[in-house]
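Q: Pasting in a structure now, in structure tokens, and then I'll have a few things to ask.
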Amino acid sequence: MEAIGLWWIGEREESPGTMEHVRLHVARALALPALVLEGPERPTGTLDPRRQQHSSARILEWLLRARPEGRVLGVTDVDLFIPVLTFVFGEAQLGGRAAVVSTARLAEGAPRDPRVRVERLAKEAVHELGHALGLTHCPDIVCAMSRSASVRDVDRKAGVLCRDCRSRLRDSTSGAEGA
Ligand SMILES: [Zn+2]
Ligand SMILES: [Zn+2]
């Protein structure tokens, strides 16, 4: 199966170690190959001037244009929103090619330890890619696919999929691909 592309599209520089950590975590949790993409392009036209936040939906549209093939997770540091929520940690096309996740809200409560932020980022990367692979929200609160409204919810999650989600993912990534 084609590797999932992970692409830093933030405004600031991010340490290469962060993306590599996310890559290893995603590949293990989803049992799929993943690679870090390099590319200087960045989304434009995604900032909502009134909210001073970026539209996650528009970033997904941009990712689809910027990467015409394959599954891609954009990783950013800009604050994301969807119209009905104050903010989101990320968004994905359900069963689609594109997902995005942001570090903007992930340092909350633990600003001094960068490892906490990276761990949270890895969990939310798995979550959004799980959506892109067709998984919906899971009632198991430690499963990576459980819904997160706050960093407390993120910290409660184990960062891996529960058994039910794992078997659903296996069903959707074997056989159905290309059909
Ligand atoms: Zn979700
Ligand atoms: Zn689950």
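Q: Enumerate the calculated ³J(HN,Hα) couplings along the stretch 69-75 in order (Karplus 6.51 cos²θ - 1.76 cosθ + 1.60, θ = phi - 60°), each rounded to whole Hz, writing x wherever the residue is Gly or Pro.
A: 3J(HN,Hα) across the stretch 69-75, in whole Hz: 9, x, 8, 9, 10, x, 10.
Q: Consider a paramagnetic label point 7 Å from the Cα of Gln52 along Cα→Cβ; state which residues of the stretch 98-114 have an amide N under 16 Å from it.
A: Answer for the stretch 98-114: 104-105.
Q: Also: Could you list the trypsin sites (Lys or Arg not before Pro) in the stretch 28-137 that lie in coil according to DSSP, counting only those with at most 15 other Cβ atoms within 10 Å of their Cβ? Walk me through the numbers on the way to the answer.
A: On the way: sites: Arg28, Arg50, Arg51, Arg58, Arg65, Arg71, Arg97, Arg105, Arg112, Arg115, Arg117, Arg120, Lys123; in loops: Arg50, Arg51, Arg71, Arg97, Arg105, Arg112.
Of the trypsin sites (Lys or Arg not before Pro), the ones in loops of the stretch 28-137 whose Cβ has at most 15 other Cβ atoms within 10 Å are Arg50, Arg51, Arg112.
Q: I've got another one for you. Do any cysteines in the chain lack another Cys Cβ under 4.7 Å, and if so which?
A: Result for the chain is Cys165, no neighbouring Cys Cβ within the cutoff.
Q: A follow-up question, please. Quick one: which residues, 5 or more positions from Ser146 or on another chain, have an amide H under 5 Å from its amide H? H modelled 1.01 Å from N in the peptide plane, none for Pro or chain starts.
A: Cys138
Q: Now a separate question. Gap in Å between the Cα centre of the stretch 142-164 and the Cα centre of the stretch 88-118?
A: Computed from Cα coordinates, the inter-centre distance equals 12 Å.
Q: Could I ask something else about it? Given the stretch 4-173 reduced to its alpha-carbon atoms as identical point scatterers, what log10 I(q)/I(0) does the Debye formula return at q = 0.11, 0.18, 0.20 Å⁻¹?
A: At q = 0.11, 0.18, 0.20 Å⁻¹ the computed log10 ratios are -0.39, -1.14, -1.44.
Q: For the chain, what is the relative contact order in percent, using Cα pairs closer than 8 Å and at least 6 residues apart in sequence? Don't skip to the answer; put the middle values down first.
A: Numbers: 328 pairs, mean separation 33.8, N = 179.
That works out to 19 percent.
Read-outs: derived from the displayed coordinates by stated rules, not from any lab. These numbers were taken from a predicted model, which means no experiment stands behind them. A quick note on method: Cβ atoms are made from the backbone with ideal geometry, for glycine too, and the neighbour counts reach across all protein chains shown.
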